[in-house]
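Report on the structure given below.
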Amino acid sequence: MKDMFYIGVDLGGTNIKAGVVDASGGVLVKDGIETQAEGGPSVVIKRICQIIDAVREKGSLSWKKIGGVGVGAPGTLDHKKGIIFHPPNLPGWRNVPLRDEVAKNIPGGAIVENDANAAAWGEYWAGAGREVHSMVMLTLGTGIGGGIILEGKLVRGAHDSAAELGHTIIVRGGVPCGCGSRGCLEVYASATAVVRRFKEAVDAGRATTLSQDVREGKEITSKIIYEAALAGDELAKEVMEETGRYLGTGIVSIMNTVNPARIVLSGGMIHAGEMIMRPLKETVQELAFPIPAEKTEIVFATLGEDAGFIGAAGLALERLKPAKAS
Ligand SMILES: [Zn+2]
(Lines give C-alpha, C1' and ligand atoms only; values in the text may rest on other atoms or scores of the structure.)
Protein backbone atom coordinates (compact mmCIF):
# COMPACT_ATOMS: atom_id res chain seq x y z
CA MET A 1 0.00 0.00 0.00
CA LYS A 2 3.10 2.19 0.07
CA ASP A 3 2.31 3.79 -3.27
CA MET A 4 -1.23 4.83 -2.26
CA PHE A 5 -2.17 8.46 -1.66
CA TYR A 6 -4.72 9.97 0.71
CA ILE A 7 -6.67 13.20 0.36
CA GLY A 8 -6.97 15.40 3.43
CA VAL A 9 -9.52 18.19 3.81
CA ASP A 10 -9.48 20.96 6.42
CA LEU A 11 -12.98 22.43 6.69
CA GLY A 12 -13.02 25.92 8.18
CA GLY A 13 -15.75 28.54 8.51
CA THR A 14 -14.11 30.73 5.83
CA ASN A 15 -11.96 28.42 3.68
CA ILE A 16 -11.67 24.76 2.80
CA LYS A 17 -8.09 23.55 2.31
CA ALA A 18 -7.25 20.20 0.76
CA GLY A 19 -4.24 18.26 -0.42
CA VAL A 20 -3.05 14.93 -1.76
CA VAL A 21 -0.65 13.34 0.72
CA ASP A 22 1.58 10.29 0.25
CA ALA A 23 1.93 7.42 2.73
CA SER A 24 4.84 9.18 4.48
CA GLY A 25 3.04 12.48 5.00
CA GLY A 26 4.56 14.29 2.00
CA VAL A 27 2.28 16.75 0.19
CA LEU A 28 1.93 16.07 -3.55
CA VAL A 29 -0.46 18.95 -4.36
CA LYS A 30 -2.72 21.28 -2.40
CA ASP A 31 -5.44 23.82 -3.04
CA GLY A 32 -8.13 25.84 -1.29
CA ILE A 33 -11.57 27.37 -1.90
CA GLU A 34 -14.00 29.54 0.01
CA THR A 35 -16.35 27.60 2.26
CA GLN A 36 -19.44 29.69 1.42
CA ALA A 37 -20.76 28.64 4.82
CA GLU A 38 -23.82 30.89 4.43
CA GLY A 39 -25.14 28.38 1.86
CA GLY A 40 -25.63 25.76 4.59
CA PRO A 41 -24.55 22.10 4.66
CA SER A 42 -25.60 21.12 1.11
CA VAL A 43 -23.54 23.89 -0.51
CA VAL A 44 -20.52 23.28 1.75
CA ILE A 45 -20.58 19.49 1.16
CA LYS A 46 -20.71 20.10 -2.60
CA ARG A 47 -17.67 22.36 -2.29
CA ILE A 48 -15.80 19.76 -0.22
CA CYS A 49 -16.42 17.17 -2.97
CA GLN A 50 -15.37 19.73 -5.58
CA ILE A 51 -12.01 20.46 -3.91
CA ILE A 52 -11.37 16.74 -3.36
CA ASP A 53 -11.79 16.15 -7.09
CA ALA A 54 -9.75 19.24 -7.93
CA VAL A 55 -6.67 18.14 -5.96
CA ARG A 56 -6.94 14.57 -7.25
CA GLU A 57 -6.95 15.86 -10.82
CA LYS A 58 -4.17 18.35 -10.06
CA GLY A 59 -2.10 15.38 -8.86
CA SER A 60 -3.01 13.44 -12.05
CA LEU A 61 -4.20 10.51 -9.95
CA SER A 62 -7.00 8.06 -10.72
CA TRP A 63 -9.30 6.98 -7.88
CA LYS A 64 -7.43 3.65 -7.84
CA LYS A 65 -4.43 5.45 -6.36
CA ILE A 66 -6.47 7.15 -3.62
CA GLY A 67 -6.74 5.05 -0.44
CA GLY A 68 -9.41 7.32 1.04
CA VAL A 69 -10.30 10.80 2.24
CA GLY A 70 -10.08 12.38 5.69
CA VAL A 71 -12.02 15.51 6.62
CA GLY A 72 -11.06 17.63 9.62
CA ALA A 73 -14.19 19.48 10.76
CA PRO A 74 -14.78 22.09 13.47
CA GLY A 75 -16.75 21.61 16.66
CA THR A 76 -17.97 18.47 18.34
CA LEU A 77 -18.62 15.37 16.31
CA ASP A 78 -18.95 11.60 16.52
CA HIS A 79 -15.86 10.30 14.73
CA LYS A 80 -17.15 6.71 14.61
CA LYS A 81 -20.49 7.62 13.01
CA GLY A 82 -19.01 10.49 11.02
CA ILE A 83 -21.65 12.96 12.24
CA ILE A 84 -20.96 16.66 12.83
CA PHE A 85 -23.14 17.94 15.68
CA HIS A 86 -23.37 21.72 15.73
CA PRO A 87 -20.22 23.61 14.71
CA PRO A 88 -20.43 27.25 15.88
CA ASN A 89 -18.88 28.67 12.68
CA LEU A 90 -21.01 26.69 10.19
CA PRO A 91 -24.57 28.08 10.22
CA GLY A 92 -27.39 25.59 9.66
CA TRP A 93 -25.32 22.52 10.55
CA ARG A 94 -26.98 20.19 13.01
CA ASN A 95 -26.19 16.46 13.16
CA VAL A 96 -24.91 16.37 9.58
CA PRO A 97 -23.74 12.89 8.40
CA LEU A 98 -20.69 14.43 6.74
CA ARG A 99 -18.66 11.25 6.37
CA ASP A 100 -21.41 9.37 4.49
CA GLU A 101 -22.18 12.39 2.30
CA VAL A 102 -18.53 12.74 1.28
CA ALA A 103 -17.93 8.97 1.00
CA LYS A 104 -20.71 8.58 -1.61
CA ASN A 105 -18.24 9.64 -4.30
CA ILE A 106 -15.07 8.08 -2.87
CA PRO A 107 -14.22 4.44 -3.71
CA GLY A 108 -11.75 4.13 -0.80
CA GLY A 109 -14.16 5.61 1.76
CA ALA A 110 -13.92 8.61 4.06
CA ILE A 111 -13.46 9.49 7.71
CA VAL A 112 -14.15 12.65 9.71
CA GLU A 113 -12.14 13.93 12.62
CA ASN A 114 -12.15 17.01 14.83
CA ASP A 115 -10.01 19.68 13.13
CA ALA A 116 -7.74 20.31 16.14
CA ASN A 117 -7.12 16.56 16.46
CA ALA A 118 -6.35 16.38 12.74
CA ALA A 119 -3.85 19.26 12.96
CA ALA A 120 -2.14 17.64 15.96
CA TRP A 121 -1.93 14.34 14.07
CA GLY A 122 -0.43 16.19 11.09
CA GLU A 123 2.42 17.58 13.20
CA TYR A 124 2.86 14.21 14.94
CA TRP A 125 3.01 12.30 11.66
CA ALA A 126 4.85 14.69 9.38
CA GLY A 127 5.97 17.77 11.31
CA ALA A 128 7.36 18.85 14.68
CA GLY A 129 6.33 15.64 16.47
CA ARG A 130 7.87 13.13 14.08
CA GLU A 131 10.47 11.60 16.38
CA VAL A 132 8.27 11.09 19.46
CA HIS A 133 5.39 8.80 20.42
CA SER A 134 3.64 11.07 22.91
CA MET A 135 2.90 14.64 21.93
CA VAL A 136 0.53 17.44 22.84
CA MET A 137 -0.27 20.31 20.49
CA LEU A 138 -1.70 23.68 21.42
CA THR A 139 -2.96 25.89 18.59
CA LEU A 140 -2.91 29.55 19.56
CA GLY A 141 -5.40 31.46 17.44
CA THR A 142 -8.64 33.31 18.14
CA GLY A 143 -9.18 30.47 20.62
CA ILE A 144 -6.82 27.75 21.82
CA GLY A 145 -7.26 24.30 20.29
CA GLY A 146 -5.60 21.13 21.46
CA GLY A 147 -4.69 17.63 20.42
CA ILE A 148 -3.13 14.78 22.38
CA ILE A 149 -1.29 11.75 20.99
CA LEU A 150 -0.22 9.21 23.59
CA GLU A 151 1.97 6.23 22.72
CA GLY A 152 1.09 6.61 19.05
CA LYS A 153 -2.67 6.88 19.57
CA LEU A 154 -4.87 9.93 19.17
CA VAL A 155 -6.73 10.55 22.44
CA ARG A 156 -10.39 11.31 21.69
CA GLY A 157 -11.94 10.43 25.05
CA ALA A 158 -15.25 8.70 25.78
CA HIS A 159 -17.35 11.39 24.07
CA ASP A 160 -14.98 12.78 21.42
CA SER A 161 -14.37 15.65 23.85
CA ALA A 162 -10.79 15.10 25.02
CA ALA A 163 -7.97 17.61 24.47
CA GLU A 164 -10.08 20.75 24.94
CA LEU A 165 -6.85 22.21 26.24
CA GLY A 166 -7.91 25.82 25.74
CA HIS A 167 -10.45 25.22 28.49
CA THR A 168 -7.94 24.05 31.07
CA ILE A 169 -8.88 26.27 34.00
CA ILE A 170 -5.92 28.31 35.19
CA VAL A 171 -7.78 30.90 37.33
CA ARG A 172 -10.70 29.73 39.48
CA GLY A 173 -13.57 32.25 39.14
CA GLY A 174 -11.56 34.11 36.49
CA VAL A 175 -12.61 35.79 33.24
CA PRO A 176 -15.80 34.30 31.69
CA CYS A 177 -15.18 32.03 28.68
CA GLY A 178 -17.35 31.28 25.64
CA CYS A 179 -17.61 27.67 26.84
CA GLY A 180 -19.71 28.78 29.83
CA SER A 181 -16.90 28.35 32.34
CA ARG A 182 -14.49 30.90 33.79
CA GLY A 183 -10.76 31.30 33.97
CA CYS A 184 -9.93 29.07 30.98
CA LEU A 185 -6.44 29.24 29.44
CA GLU A 186 -8.05 30.51 26.22
CA VAL A 187 -9.36 33.73 27.82
CA TYR A 188 -5.83 34.63 28.97
CA ALA A 189 -3.50 33.39 26.25
CA SER A 190 -5.26 33.21 22.86
CA ALA A 191 -4.58 35.95 20.29
CA THR A 192 -8.01 37.40 21.15
CA ALA A 193 -7.14 37.42 24.85
CA VAL A 194 -3.82 39.17 24.24
CA VAL A 195 -5.69 42.03 22.54
CA ARG A 196 -8.34 42.18 25.31
CA ARG A 197 -5.75 42.24 28.12
CA PHE A 198 -3.76 44.93 26.31
CA LYS A 199 -6.85 47.14 25.85
CA GLU A 200 -7.88 46.62 29.48
CA ALA A 201 -4.48 47.87 30.60
CA VAL A 202 -4.80 50.95 28.34
CA ASP A 203 -8.31 51.62 29.71
CA ALA A 204 -6.86 51.36 33.21
CA GLY A 205 -4.51 54.21 32.35
CA ARG A 206 -1.29 52.41 31.35
CA ALA A 207 0.89 54.32 28.89
CA THR A 208 1.77 52.79 25.52
CA THR A 209 2.78 53.91 22.05
CA LEU A 210 -0.55 52.46 20.87
CA SER A 211 -2.81 54.41 23.27
CA GLN A 212 -4.07 56.78 20.57
CA ASP A 213 -4.93 53.87 18.26
CA VAL A 214 -6.83 52.16 21.10
CA ARG A 215 -8.72 55.39 21.96
CA GLU A 216 -9.63 55.99 18.30
CA GLY A 217 -10.97 52.44 18.06
CA LYS A 218 -8.41 51.37 15.42
CA GLU A 219 -8.04 47.64 14.99
CA ILE A 220 -5.44 46.20 17.36
CA THR A 221 -4.22 42.66 16.70
CA SER A 222 -1.87 40.41 18.65
CA LYS A 223 0.63 40.95 15.81
CA ILE A 224 0.49 44.74 16.27
CA ILE A 225 1.07 44.28 20.01
CA TYR A 226 3.98 41.92 19.30
CA GLU A 227 5.51 44.46 16.90
CA ALA A 228 5.11 47.24 19.49
CA ALA A 229 6.86 44.99 22.01
CA LEU A 230 9.72 44.43 19.54
CA ALA A 231 10.00 48.20 19.15
CA GLY A 232 10.39 48.52 22.92
CA ASP A 233 6.84 49.37 24.09
CA GLU A 234 6.85 48.49 27.80
CA LEU A 235 3.16 47.61 28.12
CA ALA A 236 3.24 45.46 24.98
CA LYS A 237 6.34 43.66 26.29
CA GLU A 238 4.61 43.05 29.61
CA VAL A 239 1.45 41.66 27.95
CA MET A 240 3.48 39.28 25.75
CA GLU A 241 5.55 38.16 28.75
CA GLU A 242 2.40 37.46 30.79
CA THR A 243 0.95 35.52 27.85
CA GLY A 244 3.97 33.20 27.95
CA ARG A 245 3.49 32.77 31.71
CA TYR A 246 -0.21 31.95 31.35
CA LEU A 247 0.66 29.39 28.66
CA GLY A 248 3.36 27.90 30.87
CA THR A 249 0.85 27.55 33.71
CA GLY A 250 -1.64 25.72 31.49
CA ILE A 251 1.11 23.55 30.02
CA VAL A 252 2.27 22.40 33.47
CA SER A 253 -1.24 21.04 34.14
CA ILE A 254 -1.11 19.22 30.80
CA MET A 255 2.36 17.83 31.62
CA ASN A 256 1.13 16.63 35.00
CA THR A 257 -1.82 14.88 33.34
CA VAL A 258 -0.28 13.13 30.33
CA ASN A 259 3.53 13.55 30.56
CA PRO A 260 4.18 14.02 26.82
CA ALA A 261 7.68 13.81 25.35
CA ARG A 262 7.07 16.95 23.33
CA ILE A 263 4.70 19.91 23.38
CA VAL A 264 4.14 21.62 20.04
CA LEU A 265 2.82 25.18 19.78
CA SER A 266 1.13 26.22 16.54
CA GLY A 267 -1.09 29.01 15.20
CA GLY A 268 -0.59 32.66 14.28
CA MET A 269 0.77 33.63 17.71
CA ILE A 270 3.93 31.55 17.35
CA HIS A 271 5.39 34.34 15.21
CA ALA A 272 6.09 36.00 18.56
CA GLY A 273 8.78 33.31 18.97
CA GLU A 274 11.08 33.68 21.96
CA MET A 275 9.02 36.56 23.30
CA ILE A 276 6.42 34.03 24.49
CA MET A 277 8.64 30.93 24.58
CA ARG A 278 11.13 32.28 27.15
CA PRO A 279 8.57 33.21 29.88
CA LEU A 280 6.63 30.03 29.02
CA LYS A 281 9.67 27.82 29.61
CA GLU A 282 10.64 29.75 32.75
CA THR A 283 7.16 29.11 34.16
CA VAL A 284 7.40 25.41 33.32
CA GLN A 285 10.79 25.21 35.08
CA GLU A 286 9.27 26.90 38.11
CA LEU A 287 6.09 24.81 38.40
CA ALA A 288 6.63 21.35 36.85
CA PHE A 289 8.12 18.26 38.50
CA PRO A 290 11.90 18.15 38.04
CA ILE A 291 12.20 15.24 35.56
CA PRO A 292 9.48 16.37 33.11
CA ALA A 293 10.64 19.99 33.56
CA GLU A 294 14.08 18.91 32.38
CA LYS A 295 13.05 16.45 29.67
CA THR A 296 9.84 17.71 28.05
CA GLU A 297 10.66 19.45 24.80
CA ILE A 298 8.57 22.51 23.96
CA VAL A 299 8.85 23.50 20.30
CA PHE A 300 7.05 25.38 17.53
CA ALA A 301 5.04 23.60 14.83
CA THR A 302 6.58 23.26 11.37
CA LEU A 303 3.67 22.59 8.98
CA GLY A 304 1.82 25.89 9.36
CA GLU A 305 -1.72 25.88 7.98
CA ASP A 306 -1.13 22.61 6.10
CA ALA A 307 -1.14 20.57 9.34
CA GLY A 308 -4.95 20.18 9.27
CA PHE A 309 -5.29 18.55 5.87
CA ILE A 310 -2.06 16.55 6.24
CA GLY A 311 -3.31 15.15 9.55
CA ALA A 312 -6.78 14.42 8.13
CA ALA A 313 -5.11 12.46 5.31
CA GLY A 314 -2.89 10.66 7.84
CA LEU A 315 -5.88 9.67 9.95
CA ALA A 316 -7.65 8.41 6.82
CA LEU A 317 -4.58 6.23 6.21
CA GLU A 318 -4.68 4.96 9.82
CA ARG A 319 -8.38 4.23 9.83
CA LEU A 320 -9.03 3.05 6.26
CA LYS A 321 -5.94 0.97 5.51
CA PRO A 322 -6.66 -2.75 5.26
CA ALA A 323 -5.64 -4.70 8.39
CA LYS A 324 -2.15 -6.19 8.05
CA ALA A 325 -2.16 -9.82 6.95
CA SER A 326 -0.89 -11.97 9.81
ZN1 LIG B 1 -13.57 27.79 28.36
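The values are calculated or read from the model by the stated rules, or taken from the named source; none is laboratory data. These numbers were taken from a predicted model, which means no experiment stands behind them. Positions of Cβ are generated from backbone atoms using ideal geometry, with glycine treated the same way; all protein chains shown enter the neighbour counts. Protein only, heavy atoms only, side chains kept; ligands, DNA and RNA dropped before computing areas. Shrake-Rupley method; radii C 1.70, N 1.55, O 1.52, S 1.80 Å.
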Counting DSSP beta bridges in region 131-301, what percent are antiparallel, to the nearest 5?
-> 55 percent
Residue with peak Gaussian network fluctuation, the chain [Cα springs, cutoff 10 Å], from Gly311, Gly141, Gly26 = Gly26
Residue of Ala73, Ala116, Ala204 that the Gaussian network model of the chain assigns the largest fluctuation, springs spanning Cα pairs under 10 Å = Ala204
Got a number for the accessible area of Phe5? Probe 1.4 Å, square angstrom, nearest 10.
-> 40 Å²
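Suppose a student asked you for the relative contact order of region 259-300, using Cα pairs under 8 Å spaced at least 6 residues apart; what percent would you report? Each step should come with its number before you reach the end.
On the way: 27 pairs, mean separation 30.0, N = 42.
Dividing the mean separation by the residue count of region 259-300 yields 72 percent.
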Going by alpha carbons, how many degrees (0 to 90, nearest 10) lie between the helix axis of 274-287 and the longest principal axis of the chain?
-> 80 degrees
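With both partners inside the chain, how many of the DSSP beta bridges are antiparallel, as a percent to the nearest 5? Could you put the intermediate results ahead of the total?
Working: 27 of 47 bridges.
In the chain, DSSP labels about 55 percent of beta bridges as antiparallel.
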If each part is reduced to its alpha-carbon centroid, region 226-275 and region 95-132 end up apart, in Å, by 28 Å
What is the distance in Å between the Cα centres of region 176-197 and region 61-75?
-> 34 Å
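Between Arg196 and Ser60, what FRET efficiency comes out of the Förster formula 1/(1 + (r/R0)^6) with R0 = 56 Å and r the beta carbon distance, rounded to 0.05?
Values: r = 48 Å, r/R0 = 0.86.
It comes to 0.70.
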Two-site label geometry, Ala261 and Leu287: point separation in nm, points 7 Å out along Cα→Cβ = 2.6 nm
Heavy-atom accessible area of Tyr188 with all protein chains present, probe 1.4 Å, nearest 10 Å²?
-> 20 Å²
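Sorted by accessible area (1.4 Å probe), largest first, how do Arg245, Arg130 line up?
Details: Arg245 75, Arg130 150 Å².
Final ranking, largest accessible area leading: Arg130, Arg245.
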Within region 150-191, find all residues whose amide N lies under 13 Å from a label point positioned 7 Å from the Cα of Asp203 along Cα-to-beta-carbon.
-> 176
Would you kindly find the accessible area of Thr249, with a 1.4 Å probe and non-protein molecules such as ligands, DNA and RNA excluded, rounding to the nearest 10 Å²?
-> 50 Å²
Report the calculated FRET efficiency for Glu227 and Asn89 (r = Cβ-Cβ distance, R0 = 25 Å), to the nearest 0.05.
-> 0.35
Percent relative contact order for the chain, counting Cα pairs under 8 Å at least six residues apart, stands at 21 percent
Express the relative contact order of region 131-301 as a whole percentage, based on alpha carbon pairs under 8 Å and six or more residues apart in sequence.
-> 24 percent
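Kindly sort Asp3, Asp78 by accessible area of their heavy atoms, largest first, with the probe set to 1.4 Å.
Working: Asp3 90, Asp78 35 Å².
Result, largest first: Asp3, Asp78.
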State in Å² the accessible area per residue of region 131-301; use a 1.4 Å probe, count heavy atoms of protein chains only, and round to the nearest integer.
-> 49 Å²
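Of the accessible area of the chain, with the probe set at 1.4 angstrom, what percent is carbon plus sulfur? Write out the running numbers ahead of the final one.
Details: 7870 of 15240 Å².
About 52 percent, which is the carbon plus sulfur part of the accessible surface.
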